1. Which one is surrounded by the fewest Cβ atoms within 10 Å (Cβ to Cβ) among residues in the range 12-43 that are part of a helix (DSSP H, G or I) and modelled with pLDDT of 95 or more?
2. Out of all the residues in the range 46-95, which are charged (D, E, K, R), over 13 Å from the mean Cα position of the chain (by Cα) and either more than 27 Å from Asp35 (Cβ to Cβ) or part of a strand (DSSP E or B) (or both)?
3. Can you confirm whether the range 50-73 contains a residue that is surrounded by 14 or more Cβ atoms within 10 Å (Cβ to Cβ) and under 13 Å from Met11 (Cβ atoms)?
4. Output the qualifying pairs, or none if there are none: Cβ atoms under 6 angstrom, residues six or more apart or on different chains, first residue in the range 26-51 and touching a residue at least 40 places away in the same chain (Cβ under 8 Å) and more than 13 Å from Phe89 (Cβ to Cβ), second residue among the charged types (D, E, K, R) and not in a helix (DSSP H, G or I).
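The values are calculated or read from the model by the stated rules, or taken from the named source; none is laboratory data. All figures in this text were calculated on a predicted structure; none of them were measured in a lab. Methodologically, a virtual Cβ is constructed for each residue, glycine included, from the backbone with ideal geometry; neighbour enumeration extends over all protein chains shown.
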Amino acid sequence: MKGVHYDGTGMVWVIADGHEPEELGLVPSFFAADDPRPAREQIAERYISGWTPMPGFKIGKESELLYPGDPPLKPIAVALLRGLEVLVFYEYSWLAIIQHDGSFEVSRVD
């Protein structure tokens, strides 16, 4: 990870080598560091399609997103929401919300 993108919501997105902040689209605008709600609630309210987790994903080494039969996806960008949740954005508009205990949800956000 290399580049850092300050999105105006009080959050910092760290952008992976070879990627640009523009690849995140509107995703950073769905979250605000000063909003006390969990990430899933924030995005459910601010994203027109809401938050619809898709089961079957696993998180691999180096935060790769794994789904049976698909090639692994490497992170494009990572952000920490209030030190409580890790947001990881991947190619094809997949977003993972990872909790401290290792549990997570993944949804398409495009």
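1. Step by step, filter the range 12-43, then rank; the result is Glu41.
2. Hits for the range 46-95 are Lys58, Lys61, Glu62, Asp70.
3. Within the range 50-73 (the criterion being surrounded by 14 or more Cβ atoms within 10 Å (Cβ to Cβ) and under 13 Å from Met11 (Cβ atoms)), the answer is no, since none of the residues qualifies.
4. Ala33/Arg82
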